[in-house]
Amino acid sequence: MSEKPYRPILIMLTANWISMAGSALVLFALVVLLFLIPVHMAGTVSNPYTGLLAFLILPALFILGLVLIPIGLFIARRNGTAIMAGVTDRRSAWKKAILFFGVATAVNVLVGGQLTYRAVEHMDTQQFCGQTCHAMTPEFVSHARPPHLRVACVSCHVSPGASGYLKAKTAGTRRLVGAVMDNFEKPIDYIPGLEGSASSSETCEVCHARETTLGPRFRILTKFADDETNTQSQTVLMMRVGGGASGGIHGAHLAPGISIRYFATDAKRQTIPRVEYKNAKMGITRTFMTPGSTEASTSKLASYTMQCADCHNRVAHSFDLPDRALDRALAAGEINPTLPFAKKTGLALLEAKYASADEAGRKIPASFEDFYRKQYPQVLANQQADITRAGQALIAMYRQNIFPELKVTWGTYPTNLGHMTSPGCFRCHDGDHATSDGKTATQDCETCHRTLAVEEKDPAVLKDLGISTAAR
Ligand code: HEC
Ligand code: HEC
Ligand code: HEC
Ligand code: HEC
Ligand code: HEC
């Protein structure tokens, strides 16, 4: 035993199958990482889930490989394999090592590179975000409606560039692991994207400049009563949207120099006891608080700088309340308003409890038809097609809004753009939020919109404008 064992590292790494597998893993992880780095540096990938690959799976493989190598060597030594005692045939040992590393590297570069490229590309698609992750089915379904249906999830949810990516990555990766393990809060209500890392200046405002002045927007809301004739009425509003220096709704919160910071008690940001308003141009700072709130009682609350999504929170994922969904379907003619009690019957069926989406899909149209069979057999005879179509429209409404397995139901995701079905604007403009000298955030009915008609039959203003019935 005078001769020192000959064991160059390269040869040890290929000395036995286990060490060889370990080396292959280490090599694979390194090569894929090499491919990922430039993609990240370029900032072209803004998807948090590539982070899972780069920061979780690859390091795990790398470490597994590193662990396997000594295990292999240890076992080989116990079995007294030649390599540990000194190699008898150096030439063939070297040949084996070089062959292994040559082939492994070539295969890795070819396969790993392609794999990485495809994976990264795939993770940027809506299919990956909405469908691979079952937890986001409601958002995927609601996103498939205009106008944003072709805007990629990441365009709104992840700020471009390294910093946004870094912020979304950690949260996104944690979330993905949670989703895979089915370990997440249902329904999902906190989104790391928009408030946490994606500022609207880098997402929405890439397409919609904050400085844009939008003229007044005309809103016609068509409603139907729950009487036999589904009596139609219309509310007509002229929204003072404005923008930039022209004031109005957009200008009041987003004009250059203005910033609004608010403190919320809940993750959905529905209860806001304190609001700070700054207007740098005019040199104005105001703090609005609800009665009983103080700086001290609110200072530990999470705070947010107001941006587009604070009002337009349902811009890509709009869910309806059953009453509203029915009004829309009746106005669009998907449910024929001449069907007696169509609104009332439909509403009762949509609000009923069902064990599963399948059961709802069977019961809703059957019960709707049953109603006419029992109460209005003549209508059923004359309008069978209308009734079948209405049944289908009702199921569609149900499927777009109710996801029992995720605990998403009517009203789970309230809209902030209004004040009738949820607090919305009145989270701050409720007349209660006041400065210490008594100034309140306005609740004057004509400041945000001209109220031209409220639930009127054939409003005069629509006649004057030559707009007859249901326009939207
Ligand atoms: C046009 C911009 C936009 C696009 C495109 C978009 N989202 Fe959203 N998403 C939002 C906004 C705004 C919110 C609400 C954020 C808030 O409440 O602060 C949101 C919220 C969510 C939430 C949290 C639950 C909820 O409904 O509040 C999930 C999950 C989500 N989006 C997933 C997706 C997925 C998946 C896609 C692609 C299929 C997508 N989003 C595309 C703007 C967008
Ligand atoms: C990739 C570009 C893009 C991004 C990002 C984007 N939008 Fe849009 N948005 C559009 C387009 C295009 C339209 C349709 C314009 C039209 O038809 O006049 C639209 C329409 C809208 C409308 C009108 C809605 C309606 O029902 O007609 C609102 C409000 C809106 N966007 C707000 C937002 C907000 C808020 C965000 C960020 C959370 C956002 N958008 C992100 C491109 C974008
Ligand atoms: C203070 C709440 C608020 C904020 C903040 C806000 N908006 Fe609006 N926005 C509104 C209201 C209210 C309307 C009128 C919408 C209506 O009646 O449907 C509107 C209208 C619009 C419209 C026109 C929609 C149409 O149907 O023509 C677009 C586009 C829009 N907003 C985009 C944005 C973008 C982009 C941002 C961020 C830069 C933003 N908004 C910030 C409240 C807000
Ligand atoms: C987070 C709190 C908050 C929310 C939510 C909010 N606002 Fe405001 N809004 C303010 C503050 C603060 C001011 C400035 C008040 C002041 O200094 O008089 C303001 C001012 C306004 C003004 C100008 C009022 C005036 O006297 O000229 C309009 C219009 C307006 N908001 C509309 C809306 C609409 C529409 C919504 C809902 C879509 C909304 N706001 C939601 C905080 C809010
Ligand atoms: C801070 C701004 C603001 C103030 C103040 C305000 N509104 Fe509104 N209002 C809105 C917005 C935004 C909508 C939603 C418009 C839409 O659906 O596009 C709305 C919608 C409505 C609607 C239609 C509701 C529906 O969906 O059926 C009525 C009616 C209405 N407002 C009445 C009032 C009355 C009455 C007051 C005074 C107590 C008032 N508003 C004060 C912003 C405001």
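The values are calculated or read from the model by the stated rules, or taken from the named source; none is laboratory data. The shown structure was predicted, so the numbers you read here are calculated from the model rather than taken from an experiment. Every residue, glycine as well, gets a Cβ built from its backbone with ideal geometry; the counts of neighbours run over all protein chains shown. Only protein heavy atoms, including side chains, enter the accessible area calculation; ligands, DNA and RNA are left aside. Shrake-Rupley method; radii C 1.70, N 1.55, O 1.52, S 1.80 Å.
Accessible surface computed residue by residue for region 187-288, with neighbouring protein chains in place and a 1.4 Å probe, gives 49 Å² per residue.
Within the accessible surface of region 248-294, defined with a 1.4 Å probe on protein heavy atoms only, the carbon and sulfur portion equals 58 percent. On the principal axes of its alpha-carbon atoms, region 322-406 has extents of 41, 24, 18 Å, going from largest to smallest.
Average 1/r across all pairs of distinct alpha carbons in region 225-376, invert it, and you get the Kirkwood radius: 19.8 Å.
Using C-alpha pairs below 8 Å separated by at least 6 residues, the relative contact order for region 322-406 is 36 percent.
The lysines within cross-link reach of Lys223, meaning a Cα-to-Cα straight distance under 24 Å and a gap of 8 or more places when in the same chain, are Lys343, Lys344, Lys457, Lys463. In the context of the full set of protein chains, residues of region 322-406 present 49 Å² of accessible surface per residue (probe radius 1.4 Å, heavy atoms only).
How long is the gain from Lys300 to Arg217 if the chain were fully straight, where each residue apart is worth 0.36 nm and the alpha carbon distance is subtracted? It would help to have the intermediate numbers written out before the result.
On the way: separation 83, 0.36 × 83 = 29.88 nm, distance 3.85 nm.
Result for the pair: 26.0 nm of gain on full extension.
What you get for region 322-406, charging only the Cβ of Lys and Arg (+1) and of Asp and Glu (-1), is a dipole of about 140 debye around the Cα centre.
Between Ile63 and Leu417, what FRET efficiency comes out of the Förster formula 1/(1 + (r/R0)^6) with R0 = 56 Å and r the beta carbon distance, rounded to 0.05?
On the way: r = 49 Å, r/R0 = 0.87.
About 0.70, to the nearest 0.05.
Ranking of Ser293, Ser436, Ser318 by solvent-accessible surface, largest first: Ser436, Ser318, Ser293 (1.4 Å probe, protein heavy atoms only, all chains present).
Here r is the Cβ-Cβ distance between Asp370 and Glu405 and R0 is 45 Å; the resulting FRET efficiency, rounded to 0.05, is 0.95.
Work through the residues other than Val241 whose Cβ is under 14 Å from its Cβ and net out their charges, Lys, Arg +1 and Asp, Glu -1.
Numbers: positive: Arg210, Arg217, Arg219, Arg240, Arg450; negative: Glu211.
That works out to +4.
Divide the volume of the convex hull around the Cα atoms of region 260-336 by the residue count and you get 154 Å³ per residue. Modelled label positions at Leu465 and Thr105, each set 7 Å beyond Cα in the direction of Cβ, lie 7.1 nm from each other. Working from label points 7 Å from Cα in the Cα-to-Cβ sense, the Thr451 to Cys207 distance is 3.3 nm.
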